[in-house]
Amino acid sequence: MIEISGLTKDYAATRVLDDIDLTVDAGRIAAVVGPSGAGKSTLARCVNLLERPTSGSVVVSGQELTALSGKRLRHARQQIGTVFQSANLLRRLTAAQNVALPMRHQGLPDAEVRRRVGDLLERVGMLHRANHYPSQLSGGQRQRVGIARGLALQPSVLLSDEATSGLDPDATRAILDLLRELRDDLGVTILVITHEMDVVRGIADQVAQLDHGRIVEEGAVADVVRRSDSPLSRALLPMPPASAVDGRRLWTLRYRDAVSPVWLSRAAQDLGEVAVLAALVEDSGAASVGRLTVGLDPRLEERRVVEVLATYGVAAEPVTALHAVAGDRTESAA
Ligand code: ADP
């Protein structure tokens, strides 16, 4: 569990993080998003105390880190694994040797190191590359080895700072699957710093948007999605390209409660063709929540569309040109 409260970080006269409160429960994945320069990396570095906060507290698994220094801080840090954008593997060491490094520093016995390295490389699907050097691995493979190294000391918390930046979609998907497994199988608490909304959609339980060093919006992803049109909510559901719209009128639909699984086909009987252009749907127990962008016949009367969909428990709102532009801007800035 990570509990950040009242965290402020100044560099000389510049306040880079301003009164940040953020809690990530054990075994959850939280994403921190925001434009470049918002303070995301600084926040990650304050969580493992690579940067010392100017004020505020950082509690990881019940331990207040800002109160520690020297040996006790180094010891406490072992429960926090980190993965960075470029895995920063040592070039002269093999994948296995890179993963072993934190354990060697710890002075663990050889047999134990070998066993754990094998387990870790297997977990990240890289056992078959154990004796390869970083230059012989793809970017995605290096990232996996970096994650294995981040897990070497069996941390309860993993910080991932832009770990999927610059990876192709397949490699990104593999890394996100791996992070999800670490949460689900090992109960690792994960803080993901990212500028990619796909990462948030793919794995995050909760999301916080940082802007100019402040959290401007946060919440469980499902709740943010259900919110009335906030910038983060819009960014989580990108607007479709004009080519896909093809003369239809755009509507944003939101489920506010449990809906019948067949609402879409029923609604289509009343409204004609419903083109689903973007969708974010989450199942949480019996209820599913979601947001969709759909295209409807532009000749349909606005009031009728709202009424028909309301009978299925779906809130409908026409997308104005302004919404679409703001959504695009949020997406590219985030
Ligand atoms: P992000 O990760 O969101 O792109 P950063 O946390 O890297 O943002 O940076 C936030 C702000 O803090 C930026 O304005 C950056 O220039 C500044 N900053 C980051 N590290 C330092 C540092 N060591 N000294 C001074 N300013 C810094």
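Each value in this text was obtained by applying a stated rule to the coordinates, not by laboratory testing. These figures come from a predicted structure and were not determined experimentally. Cβ atoms come from the backbone with ideal geometry, glycine included; neighbour counts cover every protein chain shown.
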Checklist entry - What residue among Asp161, Asp270, Asp19 has the largest mean-square fluctuation in a Gaussian network model of the chain, using Cα springs under 10 Å? => result Asp270
Next on the checklist: Test of the criteria: in the stretch 1-97, which trypsin sites (Lys or Arg not before Pro) are in a DSSP loop and have at most 11 other Cβ atoms within 10 angstrom of their Cβ?
Outcome noted: Arg91, Arg92
Checklist entry - For the chain, modelled as a GNM with alpha-carbon contacts under 10 angstrom, which of Glu196, Glu317, Glu301 fluctuates the most? => result Glu301
Checklist entry - From a point 7 Å beyond the Cα of Asp185 in the direction of its Cβ, which residues of the stretch 111-127 have a backbone N at a distance under 11 Å? => result 119-126
Checklist outcome for this item: Expressed in angstrom, Rg and Dmax over the Cα atoms of the chain are 22.6, 74
Checklist outcome for this item: Contact order relative to length for the chain, counting C-alpha pairs under 8 Å separated by 6 or more residues, stands in percent at 19
Checklist entry - In terms of the Cα gyration tensor, with a ≥ b ≥ c the square roots of its eigenvalues, is the stretch 23-173 rounded because a/c is under 1.5, prolate because a/b exceeds b/c, or oblate? => result oblate
Item to check | Dipole of the chain, positive direction: furthest Cα of Trp263, Leu22, Gly150, with charges on the beta-carbon | outcome: Gly150
Next on the checklist: So if I take the centroid of the Cα atoms in the stretch 79-118 and the same for the stretch 156-227, what is the distance between those two points in Å?
Outcome noted: 24
Checklist entry - Shape call for the stretch 107-210 from the C-alpha gyration tensor, a ≥ b ≥ c root eigenvalues: rounded (a/c under 1.5), prolate (a/b greater than b/c) or oblate? => result oblate
Item to check | Mean shadow area of the stretch 49-102 over all directions, Cα convex hull, nm² | outcome: 5.0
Checklist entry - Dividing the convex hull volume of the alpha carbon atoms of the stretch 175-319 by its residue count, what do you get in Å³ per residue? => result 129
Checklist entry - So what's the projected area for the stretch 1-58, the Cα convex hull averaged over all directions, in nm²? => result 3.8
Checklist entry - Who wins for biggest fluctuation among Asp25, Asp168, Asp177 in a Gaussian network model of the chain, springs between alpha carbons below 10 Å? => result Asp168
